[in-house]
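Take a look at the structure set out below.
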Amino acid sequence: MKKIIITLIMISFTFMGAYCANVVIEANNQQINVDKNKGFFSGNVKVSVGDIVVKSPRAELDLEPKSKKPSLAVFFDNPYAFQNKDNKKHEIKANIMKVSLINKTLRAEGNTQSIMMKDRQPLIMINSDSQEYDTNTKVMKADGSVIVHYQDVETFSDAASAIIDKNGEVQNLKLTGNVVMKEKSNVLKGNKFEYKPQNQEYQMSGNTSTDVTFEDGSRLFVQARFQQYNRNTNNIIAGGNVRIKFKDYTAAGPKAQVFIDKTTQKPNKVVFTGRSKITQGASTVEADVITMTMNPKEFNATGNVKTSISGGSSDNDMEIMP
C-alpha cells in the first residue's frame, strides 16, 4: 500500500487556527490537481483526522481555492468511519460519507448506521436514511425512518437528535414525527419525545398514548396530550384530555398520575385530579379526585361525587308522583 503524507510543498493538512489536527491519507492510488482544487483517491483508502478514521474504496477531496487547504472529503462505496477513546468506540456506516474539515462535521447518507460502544458492548445504535455528527457541539442528528436501540428500548421516528458528552455518553435524546417507543411489551406513541438520562426522565407530547400489557394479558391504555415519566419517582404524569382504559374501566379527566410498582415495573395505581369521570359497565361516577387500583381492581371517588346508573329497560322506570 502506498502511504501518502501530503506536506506543505503540495497541500498543508496541518490545521492552523480553526484547524487542529493532522490529516493522513493512505491509498493505493492518488491524484491531486491543485489548479482544479481537487484530489482523487482509490484502492483501500484510509483517512485519519486526529482520532477519527474513515475507510472506503475511493474518495474525493475538495480544496479551498485561495488557501489550497482541504475543505471537504467525500467517501464512496459504503465507507466506514470510527473513533476510539479509551474503552469507548463510535462507528458509522453508510453509502456515502462527507467530512467537512473546516466545520468539523461528518455526514452519512444512505442506509446509515451509527453505533456507540463501551467495553465492546453497544450503548446506542441508530439506523436512518441520513445522519450528521458535529464534533464542535457534540450533537448527532438523524433523519428519515429513524430507528434507535438504546438499552432495552427500541424507538421509531421521522427524525432524531442526540447530544453526546466528551466521554461519549448520551446526555439528551430527542425524537420527532410519528414517534413509537417499545420497551418489552409496553408501547408509547406521540409526536415528540425527549429523554434525559441524567434525570432519568422522558417527556412525550402531541397525541400521546401508552399501552402497557400485564402478565395476565390485561392492558392499561393511557391517552393524553402530554406524558412525563421519571424513573426516580417511578410515576407517569399525564395531562390534557386524559383517557385511561383498564379491563372494564374507562376513565377521563384533565390530569392523571400513574404510579409504577418498583418490583414489577407495571402500573398499580392511577389518581385522577380535576373533575373526572370513570365508567364501569352501566355505572358512571364523577368526582374531583378518582383513584383506581389495578390489584385489587377497585376505585375510590372523593369530592362532589355524582353516581349515575343506567337502567337496562323501561321496566325500571319509577314514579312517586300521585
Please work out which one of (1) farther than 15 Å from Val271 by Cβ; (2) at pLDDT 80 or above is the condition Gly311 fails and give its number. (2)
Across the stretch 214-240, which residue is surrounded by the fewest Cβ atoms within 10 Å (Cβ to Cβ) among those that are of a type in the set (S, T, N, Q) and out of contact with any Leu (no Cβ under 8 Å at 6 or more places or on another chain)? Asn232
Would you mind finding the one in Ile52, Ile4 that is touching a strand residue (DSSP E or B) at 6+ places or on another chain (Cβ under 8 Å), modelled with pLDDT under 90 and surrounded by fewer than 18 Cβ atoms within 10 Å (Cβ to Cβ)? Ile4
Please indicate, with yes or no, whether at least one residue in the stretch 228-241 is touching a residue at least 40 places away in the same chain (Cβ under 8 Å) and out of contact with any Asp or Glu (no Cβ under 7 Å at 6 or more places or on another chain). no
Name the residue, out of Ser12, Ser67, that is among the polar types (S, T, N, Q), part of a loop (DSSP other than H, G, I, E, B), at pLDDT below 90 and buried (at least 16 other Cβ atoms within 10 Å of the Cβ). Ser12
Residues that are crowded, with 17+ Cβ neighbours inside 10 Å and at pLDDT 90 or above, drawn from the stretch 22-36: Glu26, Ala27
Based on this model, can you work out whether Lys166 counts as among the basic types (Lys, Arg), modelled with pLDDT under 90 and closer than 27 Å to Asp261 by Cβ? no
Search result, residues across the stretch 214-229 that are at pLDDT below 90 and out of contact with any Ser or Thr (no Cβ under 6 Å at 6 or more places or on another chain): Phe214, Glu215, Asp216, Gly217, Ser218, Leu220, Tyr229
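The values are calculated or read from the model by the stated rules, or taken from the named source; none is laboratory data. Fair warning: this is a prediction, and the values are worked out from it, not measured in the lab. Ideal geometry is used to build each Cβ from the backbone, glycine not excepted, and the neighbour counts take in all protein chains shown.
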